[in-house]
Amino acid sequence: MKTIELDFQNVAYIASAGLRGLMIGQKTANAKGGQMTLKDVTKVYNTVVLDRLSLHVDRGEFLFVTGKSGSGKSTLIRLLTMETAATEGQILVDGRDLLKIKKREIPVYRRSLGIVFQDMKLLEDRTVFENLAFVREVIYGRRRDTSQRVASMLSFLGLSTLHKRYPQQLSGGEKQKIVLARALMNDPAILLADEPTGNLDPGASAEVMDLFELVHRRWMTVLVATHDLAQAGRIGHRRVELAGDV
Ligand code: ADP
Ligand code: MG
């Protein structure tokens, strides 16, 4: 709770300072968030993991996908990130039919998303600031505004004090917050997270989810897959439960 209030002060500050184009605050199509539609999606590995799943995630929505271990939560995320393809059915992400995206276009597609997994790696030999700047430079090339964008992002998320730390100097919760910040450096309209609090204690989990909320409020579509019902029970968000056999 405390974190959120602090962050709102940052938002107010940023808004009054008129820093245009600050990631989630910017007035582009991104500001509305993206949408995703699954139509009768079936995924078969050795067994049927997803069975004619239809789901629409609207712009600016925050959706939790829950379900027991093995129910297909990660599979759903991997379908959306195109790490794997549906056996049957159609997936539309912001109007793009994933079936029509060619293999060589997948990296570009993926870069349009914000992606957070459990235990994602940061570059150990770079500071928090450098980790974030690196992502932006990979995507947009060297630009004069990189430092400012990284600073704005850290400030927006209430993480400015961590900017000079190396990953090994961060707690698990802090690491995941930086992983989230990094996932936002490409100005995605959609944020996909698979068990983002999977390895954190309840306190740290709540703080990380508070940041997801903050990001969502700036009109980004967020989909979080989690088996953590304490997190998924947060008020005001739709929850879809996958019914697996396990
Ligand atoms: P969850 O994230 O809900 O725990 P997953 O999507 O990881 O579930 O897995 C759903 C089911 O699909 C499990 O039975 C798992 O063993 C199976 N599965 C996942 N990925 C693969 C794969 N690459 N090859 C074969 N089976 C897989
Ligand atoms: Mg999983």
> Pick from the range 218-238 the residues that are within 16 Å of ligand 2 (Cβ to nearest atom) and not hydroxyl-bearing (Ser, Thr, Tyr): which of them is nearest to Ile190 (Cα to Cα)?
Replying inline: Leu223
> Which residues, counting only those in the range 194-214, are outside any loop (DSSP other than H, G, I, E, B) and over 14 Å from Arg234 (Cβ atoms)?
Replying inline: Asp194, Gly203, Ala204
> Would you say Gly141 is surrounded by fewer than 18 Cβ atoms within 10 Å (Cβ to Cβ), under 17 Å from Leu184 (Cα atoms) and not charged (D, E, K, R)?
Replying inline: yes
> Is it true that Arg104 is part of a helix (DSSP H, G or I) and either in contact with a helix residue (DSSP H, G or I) (Cβ under 8 Å, 6 or more places away or on another chain) or over 27 Å from Gln176 (Cβ atoms) (or both)?
Replying inline: yes
>> Condition first: under 30 Å from Arg142 (Cβ atoms), within 13 Å of ligand 1 (Cβ to nearest atom) and modelled with pLDDT under 95. Now tell me which residues in the range 185-207 satisfy that.
In response: none
>> Cβ-Cβ distance below 7 Å, separation of 6 or more or different chains: which pairs start in the range 115-137 with a residue that is within 21 Å of Ile77 (Cα to Cα) and end on one that is crowded, with 17+ Cβ neighbours inside 10 Å and β-branched (Val, Ile, Thr)?
In response: Ile115/Thr81; Val116/Val179; Met120/Val179; Leu122/Ile178; Leu122/Val179
>> List the residue pairs whose Cβ atoms are under 6 Å apart, where the first residue sits in the range 83-96 and is closer than 16 Å to Val108 by Cα, the second is of a type in the set (A, V, I, L, M, F, W, C) and surrounded by 15 or more Cβ atoms within 10 Å (Cβ to Cβ), and the two are 6 or more positions apart or on different chains.
In response: Val93/Met36
>> Could you list, ordered by first residue, the pairs with Cβ atoms under 7 Å in which the first is in the range 64-79 and closer than 10 Å to Asp194 by Cα and touching a residue at least 40 places away in the same chain (Cβ under 8 Å) and the second is within 6 Å of ligand 1 (Cβ to nearest atom) and not in a loop (DSSP other than H, G, I, E, B), at least 6 apart or interchain?
In response: Val65/Lys73
>> Consider the range 215-245. How many of its residues are in a helix (DSSP H, G or I), in contact with a strand residue (DSSP E or B) (Cβ under 7 Å, 6 or more places away or on another chain) and buried (at least 19 other Cβ atoms within 10 Å of the Cβ)?
In response: 3
> Only one residue in Leu154, Leu184, Leu214 is in contact with a His (Cβ under 7 Å, 6 or more places away or on another chain) and either under 24 Å from Leu92 (Cα atoms) or more than 16 Å from ligand 2 (Cβ to nearest atom) (or both), so which one is that?
Replying inline: Leu154
>> Within the range 87-103, does at least one residue satisfy the condition of being at pLDDT 95 or above, within 16 Å of ligand 2 (Cβ to nearest atom), surrounded by fewer than 20 Cβ atoms within 10 Å (Cβ to Cβ) and farther than 18 Å from Val222 by Cβ?
In response: no
> In the range 34-62, what residues are within 16 Å of ligand 2 (Cβ to nearest atom) and among the hydrophobic types (A, V, I, L, M, F, W, C)?
Replying inline: Val49, Leu50, Leu53
> What number of residues within the range 51-88 satisfy the criterion of being under 19 Å from Phe117 (Cβ atoms) and under 17 Å from the mean Cα position of the chain (by Cα)?
Replying inline: 17
>> For the range 62-80, which positions are of a type outside the set (Gly, Ala, Ser) and surrounded by fewer than 18 Cβ atoms within 10 Å (Cβ to Cβ)?
In response: Lys68, Arg78
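The values are calculated or read from the model by the stated rules, or taken from the named source; none is laboratory data. None of the values given here were measured: they were computed from a predicted structure. All Cβ positions, even for glycine, are placed from backbone atoms using ideal geometry, and neighbour counts span all protein chains on display.
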